[in-house]
Amino acid sequence: MGEFAIGQGVSRFEDPRLIRGGGRYTDDIKLAGMTHGVVLRSPYAHAKIKSIDIKAAKAAPGVLAVLTAADVKAAGYGDLPVPGGLKRRDSSPMYKARYPILAEDRVRWVGDYVAFVVAETVAQAQDAAELIQVDYEELPAVTSTAEAPKPGAPRVWDDCPDNICFVELIGDDKAAVDAAFSRASHIVRHRFVINRVTAATMEPRGAVGDYNAADGRYMIYTPMQRPHPTRTELAKVLKVPESKIRIVTGDTGGSFGMKTPIFNETPLVLLASKLTGRPVKWISTRTEAFLSDAQARDNVTEAEFALDSEGHFLALRVKTFAAIGAYLQHSMPAFVLNAGTLAGVYRTPAIHVDITAVFSNTNPMRPYRGNGRPEAAYVIERMVDLAAAEMKMDPAELRRRNYVPPSAMPFKTGLTFTYDSGEFEKNMDLALELSDRKGLKARKAEARKRGKLLGFGMSNTIERAGAPSTEGAEVRFDRSGSLILFSGSNSQGQGHETVFKQLVCDRLGLDPRETQYIQGDTDQVFYGEGTGGSRSATLAGSAFHLATEKVVTKARAIAAYMLKVDESDLKFDEGVFSTNKTNRTLSVKEIATAAHDMSNLPKGMEPGLFATAVYIAPVNNYPNGCHICELEIDRDTGKVDITRYSVVDDFGTVLNPLLLHGQVHGGIAQGAGQALMEDIHFDDAGQLVTASFMDYAMPHAHDFCDMEVESNPVPTKTNPLGVKGAGEAGCVGALPAVANALVDALSEFGVTHIEMPATPERIWRAMQLR
């Protein structure tokens, strides 16, 4: 419909409500008789709990309940879900540790859950929590991912002597890779430390539990990405049928994967509500978020790259130790499925990857924007630049010699993925033009006059998105002809409402501003899988497409009956059915109203105009793109300024370029943020020393220049819309592009690599040591 059609840069329909204070986040929930909960957390990274004395806390003013592990056990609740199915190096089953709601005999990270206090006010609960006496026996702890699997390291779990949870071997036969290395003319080796970060969502985690004793039903308000699958898992924890649980997410202020699982506070507020007979709210403070949110990245990787004398890639060998924290959270092992990004956009024939997941006395780890993709892209794109430097070759030219050409599609890589489409070399050429590489030499000279070192770095990355799964959508007209959309995919700020309204209303000829959108309520949405892995446009978009076509099909049959013509005589355009056999027309809205009158319907047709659909994605799609970062380093201070950033992406069919570019911008900020400043750091005792925004540096708008983002769409045939996922691509491309630009700027000092985060101090020291 003109200005709202697919492909138009429509502003978000959600925004006016949100910027006027109309959002309804978890902390906005106010229920009659609501009480407040506070978690008592472990001050030690590793310790035995010898005893807990809660008498004084229970007697404190306003306190209604003090819960410990004994209360959870008495309620019959189970542990939090832990995934399984993987193996250790000797093929024995993975080590599967319990994940208790409250610690029983031992705490395993600073922030672990010890007790839960419920009182009339937050202040009363906090005061009471300070009265709980816990007798701890401190134990040795390990927080380093590299040190955790070494002999003699403290054990996180007594019966897991090497701290190894599982090992995953991926790719070609190791012997084939070894053979490729034996005939290589050039072998590049490097060790990468991909540091730990946290999601730092704008809205901290929270939960409001409300148990109804009359029907034995639990209601939970909490921000999350996958309400329907979470309900399934929560039912197992609470040991009740799913029908006894209702989850409402409301508006969610960011997640990036972190808010996906069941955190301990969810069953705690529900149990507390059941025991007190009143609703219970828990809202995380910002410092508490640093201590209790699942964290991300934290890999130590040793990579080897084999090339022939002409610079053709022969083989890649990667060995990674990946942190999982003190407990293995649900879905955490999914990062291994994204190791295929290591193949990049190249024809490397032989690749072998060895991943070891290790426990440590730290926060549990979680998929975070990209979930293994940025890490893998960082490794391969840094290795390409390192190889180019060793061979004294232009990084762009080295890439050009190894790209998968469009004519090779579908292309089976050396590491699990099979690409169906893409123009990787064209992406690079367009990005080089967009970045004005021809003027680079002059800009470097001008920067030098100002005491600046100018760096130019690129990445050309690919990832899997929209992994094989399902998603539900419903298109429903009420009796007045108004349209309501129900989405199984759940937004945390991406703009789902806008795009799905565009998609449906463009086809039906309706004004999206007059359409209601509902998500994140397991009682209202009939089926859902949720959001994650850049899946929403592919799966939910396709589900809405299928449901809309069902509506059109039924509306066509009703229109033919009402106009007394054959369906084949009807033309459908801009939401109106017409025919050259009569001057009468019928809009979809008119048909929706008429559909409730049986006299307007063919014999045997059910009244109403609505349809549900569940889309089944058979395969992944593969978004890809070239990022080019240009930055300046102050020679005296090491301060970095990003001065130019150019991107050419292939997301297939572009549904809304305005929202698409916003997703890319946000991803770039997170990738660059990790490369330059963000860092979770523990001291030797396991204490988190970056537990506030005074110590954990977050990127700001002034840290970035205007980002130029253009599209080179190559629609995929793997879904009805031709789309490729976009939510994580910015982060995937930015991490290596920024790192390569830093090394380029520092190359005159002999710097070939600089670890993350590349803070001004780290950069300054690198310049002094050369």
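Name, by its number, the condition in (1) in contact (Cβ under 8 Å) with a residue 60 or more places away in the chain; (2) touching a strand residue (DSSP E or B) at 6+ places or on another chain (Cβ under 6 Å); (3) crowded, with 21+ Cβ neighbours inside 10 Å; (4) closer than 18 Å to residue 551 by Cβ that does not hold for residue 621.
Here residue 621 meets the rest and fails (4).
Looking at 356, 348, can you tell me which residue is closer than 30 Å to residue 438 by Cα and not in a helix (DSSP H, G or I)?
348
From the list 685, 758, pick out the single residue that is in a loop (DSSP other than H, G, I, E, B), hydrophobic (A, V, I, L, M, F, W, C), in contact with a helix residue (DSSP H, G or I) (Cβ under 8 Å, 6 or more places away or on another chain) and more than 30 Å from residue 654 (Cα to Cα).
Answer to the check: 758.
Got at least one residue in the stretch 517-537 being among the small types (Gly, Ala, Ser) and not in a loop (DSSP other than H, G, I, E, B)?
Within the stretch 517-537, the first condition is being among the small types (Gly, Ala, Ser), and the residues that meet it are 520, 528, 530, 532-534, 536-537.
When the remaining residues are screened for being not in a loop (DSSP other than H, G, I, E, B), the result is 536-537.
Yes, the conditions are met somewhere in the stretch 517-537.
Six or more apart or on different chains, Cβ atoms under 7 Å: show the pairs whose first residue is in the stretch 413-437 and modelled with pLDDT of 95 or more and of a type in the set (A, V, I, L, M) and whose second is open to solvent by 50 Å² or more (accessible area, probe 1.4 Å) and in a strand (DSSP E or B).
430/710; 434/708; 434/710
Step by step: first the residues of the stretch 139-162, then only those that are touching a Phe, Trp or Tyr at 6+ places or on another chain (Cβ under 7 Å) and not polar (S, T, N, Q), then the one that is nearest to residue 110 (Cα to Cα). Which residue is that?
This residue is 156.
To keep it simple, each residue is scored yes or no on (1) touching a strand residue (DSSP E or B) at 6+ places or on another chain (Cβ under 6 Å); (2) in contact (Cβ under 8 Å) with a residue 24 or more places away in the chain; (3) open to solvent by 30 Å² or more (accessible area, probe 1.4 Å).
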{"residue": "216", "(1), (2), (3)": "no, yes, no"}
{"residue": "236", "(1), (2), (3)": "no, yes, yes"}
{"residue": "247", "(1), (2), (3)": "yes, yes, no"}
{"residue": "258", "(1), (2), (3)": "no, yes, no"}
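Looking for something among the acidic types (Asp, Glu) and either over 26 Å from residue 626 (Cβ atoms) or not in a loop (DSSP other than H, G, I, E, B) (or both) - is there at least one such residue anywhere in the stretch 712-734?
No, the stretch 712-734 has no match at all.
Considering only residues that are of a type in the set (Val, Ile, Thr) and within 18 Å of residue 197 (Cβ to Cβ), look in the stretch 299-331 and name the one that is surrounded by the fewest Cβ atoms within 10 Å (Cβ to Cβ).
My answer is 300.
Of all residues in the stretch 580-613, which are out of contact with any strand residue (DSSP E or B) (no Cβ under 7 Å at 6 or more places or on another chain), under 12 Å from residue 477 (Cβ atoms) and either in a loop (DSSP other than H, G, I, E, B) or not β-branched (Val, Ile, Thr) (or both)?
Listed by number, the residues that qualify are 589, 590, 594, 595, 596, 607, 608.
Under 8 Å between Cβ atoms, at least 6 apart or on separate chains: pull out the pairs that start in the stretch 24-44 with a residue that is on the phi < 0 side of the Ramachandran plot and touching a residue at least 40 places away in the same chain (Cβ under 8 Å) and end on any residue that is open to solvent by 40 Å² or more (accessible area, probe 1.4 Å) and of a type in the set (Phe, Trp, Tyr).
Hits for this filter: 42/136; 43/136; 44/136.
For the stretch 180-192, indicate whether the set of residues that are at pLDDT 95 or above, among the polar types (S, T, N, Q), open to solvent by less than 30 Å² (accessible area, probe 1.4 Å) and not in a loop (DSSP other than H, G, I, E, B) is non-empty.
Taking the stretch 180-192 as the starting set, the residues that turn out to be at pLDDT 95 or above are 180-192.
Those left that are additionally among the polar types (S, T, N, Q): 182, 185.
Now narrow it down to the ones that are open to solvent by less than 30 Å² (accessible area, probe 1.4 Å): none.
Scanning the stretch 180-192 turns up no residue that is at pLDDT 95 or above, among the polar types (S, T, N, Q), open to solvent by less than 30 Å² (accessible area, probe 1.4 Å) and not in a loop (DSSP other than H, G, I, E, B).
The values are calculated or read from the model by the stated rules, or taken from the named source; none is laboratory data. Note that this is a predicted model, so its numbers are computed, not measured. Cβ atoms come from the backbone with ideal geometry, glycine included; neighbour counts cover every protein chain shown. SASA here: full protein model, heavy atoms, side chains in, ligands and nucleic acids out. Shrake-Rupley method; radii C 1.70, N 1.55, O 1.52, S 1.80 Å.
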